[in-house]
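Read-outs: derived from the displayed coordinates by stated rules, not from any lab. Please read these numbers as outputs of a predicted model, since none were measured by experiment. So basically every Cβ, Gly included, is an ideal-geometry build from the backbone, and we count neighbours across all protein chains shown.
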Amino acid sequence: MGYLNVHVGRKNIPQSEPLTKSQVKNRAGGYVYKIDEMTQLNRFLILGTMGGTYYASEREMTRENIDNVSTLLDSHGLEAVQMATEISKAGRAPKNDQAILVLAMASVHKDLKVRKAAFAALPEVCRIGTHLYQFAEFRKQLEGGWSKSMRHAVASWFNDRKAHALAMQVAKYKQRGGWSARDLLRLSHPKATDAEHDAIYNWVVSGGEKLGEQAPAFLHACNEIARIDGKSKGDVQKALELIKGHDLPREVLPTQLLSKPEVWEALLPHMGATALIRNLGKMTSIGLLKPNSNATIEVARKLENPEFVRKGRIHPLNVLVGKMTYDSGHGQKGKLSWDRVGAISSSLEDAFYNAFGAVEPTGKRTIVAIDVSASMSGNWTGMVMGVQGLRPSIAASVMAMATIRSEGAGCHVLGFDHRVRDLGITRKDSLQEVIRKGGFSGGSTDASLPMSWAMSHGIDCDLFAIYTDNETWSGRQHPSYSLGEYRKRKGPARFISVGMTATKHSIADADDPLSMNIAGFDSATPQIISAFARGDV
């Protein structure tokens, strides 16, 4: 088994020099491995480039990844579209923006087959009006224009939806980002398939003024509630009847009704996971959510229900952001503030783990090592999902908790920069405690240390899971050399590099059959780690 002796005998080569001809220099000046184009696309789709990295601006990172998408569309266009579609459909990424961009780029590609695949995937990736508007904007920036294929694809997006579902979309997402449903209808010219669709199109194009008898009752209710000022009890009662009778969403309600606790209580039964988490602060601020209230009990029940979270297709990181915001007692923007309710905060923690789905324990001895170096946790402008204070090292620590909780006593957690330290994270820690422990700000990066530490302490390990931005540079040994030495002495440990930024580098050697690269904010990461540890992938 030759992989046991990978790079043995090259001990004195520091990370600032190449270990093999296949290595390339990362932005920090260390030598690592270049990942292939499909792996880089996977990282981009899941991680995005918001905030950039310690070593590269957001603009630079975006340009690098867009160039990679262009290259892939030329060589493996259908596979690239398929990957973007699958990741989007499964809700594996915190944001859908990258998948929509890849689809837009594919839709203007020179290869007809690639363009057809992109348009065919449009309803699967652009599931709501906001996504469709974003696709149209990307196409505009790419100078794609309104070709026959574009008009047909957008027209089909409207025509193929059942009348009630379409009415919900055009009422809930009237306009976003400079685009509106009226714009898309006027540009795509869909031919209504029935009287209801025709009535919906007339309602949209007329700005909600033309409401024929064939229009769905939902739109009649939207128009009626828009005229309610909410000043009298009778008005509020009428609004409640409309909300309950037609499942009206928050977006179609006039602003003056959104200060009424009873209105939010009426919205609760049909509120999806994303909307629920986004509005917890508002519902708490107006007194609907308070200790032991019926609304609090209902919200907790929803958030603690794995099926509710799964159906809502909400990403664990979005739940984490929601929990951090709720626990802070104030919104990121505006003046809204509230006193957090403990039961709601606790239920958000359950929702976080539920968002990963079931993670099967492997029984394998695992070392989870979190990169806490300056590039992952220092005082720089980088952040995860645009959230101030959610640095990559903290996000890595929290994302790793699904594995830590699953493996229990068979999992040990380290932090590393130019030293190794026990972060003290255990399976019983709350997310708040994990955020505190994972918030350590370190120094330079040496990703060889977890393996060297395990070897020097005689630790048996079946799997090393390293969460890092791959900007290692300061070590006296390369990570792959330390891994080879560990395997030589202790056995064929598997190695998985969990990339936390959308760079084109990795500390994992692609030629090593027991090493693997994955993206860190993938909601499927814990399942992938589990399957890899068992040898299933």
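Would you list, by chain and number, the lysines whose Cα falls below 22 Å from the Cα of K34, excluding same-chain residues fewer than 8 positions away?
K11, K21, K25, K504
When Rg is the radius of gyration of the Cα atoms in the stretch 227-270 and Rh is its Kirkwood radius, what does Rg/Rh come to?
A ratio of 0.90.
Add +1 for every Lys or Arg and -1 for every Asp or Glu among the other residues with Cβ under 10 Å from the Cβ of V108, and state the total.
Once positives and negatives cancel, what remains is +2.
Test of understanding: given the chain, find the longest segment containing no trypsin sites (Lys or Arg not before Pro) that are in a DSSP loop and have at most 10 other Cβ atoms within 10 Å.
429-537
If you add up the charges near Y31, with Lys and Arg at +1 and Asp and Glu at -1, over every other residue whose beta carbon is less than 10 angstrom from its beta carbon, what do you get?
Around Y31, the surrounding residues sum to 0.
Taking a temperature of 4 °C and a viscosity of 1.567 mPa s, what whole-number D in µm²/s does Stokes-Einstein yield for the stretch 194-289 with Rh from Kirkwood over alpha carbon pairs?
The calculation lands on 91 µm²/s.
Could you tell me the calculated FRET efficiency between H330 and R186, based on Cβ-Cβ distance and R0 = 51 angstrom, to the nearest 0.05?
0.80
So, in nm, how far is label A165 from label S75 when the simple model puts each one 7 Å beyond its Cα toward the Cβ?
Output for this residue pair reads 3.8 nm.
What is the distance, in nm, between label points placed 7 Å from the Cα along the Cα-to-Cβ direction at T255 and at A409?
In this crude label model, T255 to A409 measures out at 5.9 nm.
Students often forget the sequence filter, so: which lysines lie under 19 Å Cα-Cα from K437 once same-chain residues fewer than 8 apart are removed?
K323, K428
What are the principal axis extents of the Cα atoms in the chain, in Å, biggest first?
82, 59, 38
As an exercise, use a Förster radius of 41 Å and the Cβ-Cβ distance of E360 and R127 to find the FRET efficiency, rounded to the nearest 0.05.
Efficiency, rounded to the nearest 0.05: 0.90.
Under 8 Å for C-alpha pairs, at least 6 residues apart: give me the relative contact order for the chain, rounded to a whole percent.
19 percent
Using alpha carbons only, how many angstrom separate the centre of the stretch 262-307 from the centre of the stretch 118-135?
Cα centroid to Cα centroid, the span is 29 Å.
With just the Cα atoms defining each centre, how far is the stretch 456-492 from the stretch 198-235? Give it in Å.
About 63 Å separates the Cα centre of the stretch 456-492 from the one of the stretch 198-235.
Output ³J(HN,Hα) for the stretch 418-424: one whole-Hz value per residue in order, computed from phi by the Karplus curve 6.51 cos²θ - 1.76 cosθ + 1.60 with θ = phi - 60°, and x for Gly and Pro.
Per-residue couplings from phi come out as 9, 9, 10, 9, 7, 6, x Hz.
Per DSSP H run of n ≥ 4, the term is -39500 (n - 2.57); total these for the chain, divide by its residue number, and report the mean residue ellipticity at 222 nm rounded to 500 deg cm²/dmol.
Here the helix-only value at 222 nm equals -14500 deg cm²/dmol.
Full-extension gain between A226 and K488, please, as 0.36 nm times their residue separation minus the C-alpha to C-alpha distance.
87.2 nm
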